[in-house]
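Below: the structure, in structure tokens.
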Amino acid sequence: MKIAIDLTSIPKQMTGVGKYAQSLVKSLAEYDKKNHYWIFIKGNQCKNFNPNKENFHIIYLSNILHNIPIRILWEQLVLPLYLYREKIDILHSIHYTTSLLAPCKCVITFHDMTFYLFPDKHTHVKRAFYRSFIPLSIKKANRLIAVSENTKSDIQKIFNISLPKIDVIYETINSIYHILKDIDTISQIKKKYKIQGKFILYVGTLEPRKNIPRLIQAYHRLIIENKIKHQLVIAGKKGWSYQEIFNTFKSLSCNIKKNVIFTGYVPEEELPLLYNAANLFVYPSLYEGFGIPPLEAMACGVPVIVSNVSSLPEVVGNAGILVDPYNIEELCQAIYKIIAKEDLREILKKEGFQRVREFSRKKLAKKMLEIYEKILKEE
């Protein structure tokens, strides 16, 4: 088979979609020596996506594709010409939309349905673009890939699509996430981000659905009522509508405010160090299509607290503590429980290692290849 994978939708700084794409390419490169792949990627991200395999052909494109209108022109008008010239059998688009003029079979990955379920959590431009192109792309696609059963259910309900057209293939994580024993390097990363002692970690983009104001409020209560000594480290780039996060932070007293650290965007090569340095990881998101950070944290041996909504229970299972993301008191109790009970921390650490093994590259590659082969045989 000749398979094209369009990665031009990946933003400049690697977050969830970029990590998914990286795992997809690495998984296929590791387990598929037979089929040929054309990978379309912006030039400044080539180091993350070139597996250096003979059956992988990397097409480097201009960084100007970060501009959404230009990327639309690329996807809808230029990409079909590439596909026709190379006689591509299947186009895999990894971010909600596909080329409507593609002269081949099409597969689209859906990471969540926030554009429909939480429209107010997105910019007007993104909302307009995806609401226009997603329905058309779904009609064009031969197969839809959902990254969780929860996302599959959301797609089916919103678009009333026949379930056989949607397949669930779980995401996986980069192999760099594991226990690290280099104490000096871990100490250096803490020093870089001005972390002085034990700390609670959050990793993710600063945006409304991540529920960070309630995490800050819970931390404030834990400092006042339980006298915890941990700092709160919030690692992630600014997304959109993040003002409430900083307004909540500004409302804290000076003594508490100095213990809340915003690192900004953390490069992926530093994230394993940050996870290894953390004492617990909290991810109180209001909605996730999958949720990669909790898996990364568990792979690094960190006890995890996540929301009991959307796909997060499906991902974390019994390996973490689940809480109502709207209930600050419940979040406080869960955090304090892990801080206070060493035996619980050890249990969660062991359960986390076991859980991560269920999301392997081999499974991702095997299931994706089955989908490719299946749609190529369909009339």
Leading residue by the ranking (nearest to Q196 (Cα to Cα)) among those in segment 213-241 that are more than 20 Å from the chain's Cα centre (by Cα), in contact (Cβ under 8 Å) with a residue 40 or more places away in the chain and not in a helix (DSSP H, G or I): H230
Residue under evaluation I94, criteria (1) over 30 Å from T114 (Cα atoms); (2) β-branched (V, I, T); (3) touching a residue at least 60 places away in the same chain (Cβ under 8 Å), criterion not met: (1)
Among (1) surrounded by fewer than 13 Cβ atoms within 10 Å (Cβ to Cβ); (2) under 28 Å from R127 (Cα atoms); (3) of a type in the set (G, A, S), the one test that G239 misses: (1)
Positions within segment 282-304 being in contact with a Lys or Arg (Cβ under 7 Å, 6 or more places away or on another chain) and over 12 Å from L322 (Cα atoms), in sequence order: L286, Y287, I292, M298, G301
Helices (runs of 4 or more DSSP H) contained in segment 1-105 and holding at least 1 residues crowded, with 17+ Cβ neighbours inside 10 Å and under 18 Å from the mean Cα position of the chain (by Cα): 16-31, 46-49
Hits in segment 238-255 (condition: closer than 14 Å to R209 by Cα and either modelled with pLDDT of 90 or more or not hydroxyl-bearing (S, T, Y) (or both)): K238, G239, W240, Q243, E244, I245
Test result for E330, under 25 Å from E207 (Cβ atoms), modelled with pLDDT under 95 and touching an Asp or Glu at 6+ places or on another chain (Cβ under 8 Å): no
Single residue of segment 190-222 satisfying the filter (at pLDDT 95 or above and β-branched (V, I, T)) that is surrounded by the most Cβ atoms within 10 Å (Cβ to Cβ): I212
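Conditions tested, residue by residue: (1) among the acidic types (D, E); (2) in contact (Cβ under 8 Å) with a residue 24 or more places away in the chain.
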residue: H57; (1), (2): no, no
residue: L65; (1), (2): no, yes
residue: E75; (1), (2): yes, yes
residue: V78; (1), (2): no, no
residue: P103; (1), (2): no, no
residue: T109; (1), (2): no, yes
residue: F129; (1), (2): no, yes
Test: residue in segment 140-162 that is in contact with a strand residue (DSSP E or B) (Cβ under 7 Å, 6 or more places away or on another chain) and among the acidic types (D, E): yes
Pairs, first of a type in the set (G, A, S) in segment 190-212, second crowded, with 22+ Cβ neighbours inside 10 Å, C-beta under 6 Å, six or more apart: G204/K210; G204/G236; G204/P293
Test: residue in segment 296-317 that is under 17 Å from the mean Cα position of the chain (by Cα) and of a type in the set (D, E, K, R): yes
Within segment 156-206, considering residues that are of a type in the set (F, W, Y) and touching a Ser or Thr at 6+ places or on another chain (Cβ under 8 Å), the one nearest to A235 (Cα to Cα): Y193
Qualifying residue in segment 352-367 (condition: without any contact (Cβ under 8 Å) to a residue 24 or more places away in the chain and in a helix (DSSP H, G or I)): no
Selection within segment 142-164 - surrounded by fewer than 23 Cβ atoms within 10 Å (Cβ to Cβ), of a type in the set (G, A, S) and within 23 Å of the chain's Cα centre (by Cα): S153
Residue match in segment 194-217 (condition: under 30 Å from S360 (Cβ atoms), small (G, A, S) and in contact with an Asp or Glu (Cβ under 7 Å, 6 or more places away or on another chain)): no
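The values are calculated or read from the model by the stated rules, or taken from the named source; none is laboratory data. No experiment lies behind these values; they were computed from the predicted model shown. Please note: Cβ atoms are built from the backbone with ideal geometry, for glycine as well, and neighbour counts cover all protein chains shown.
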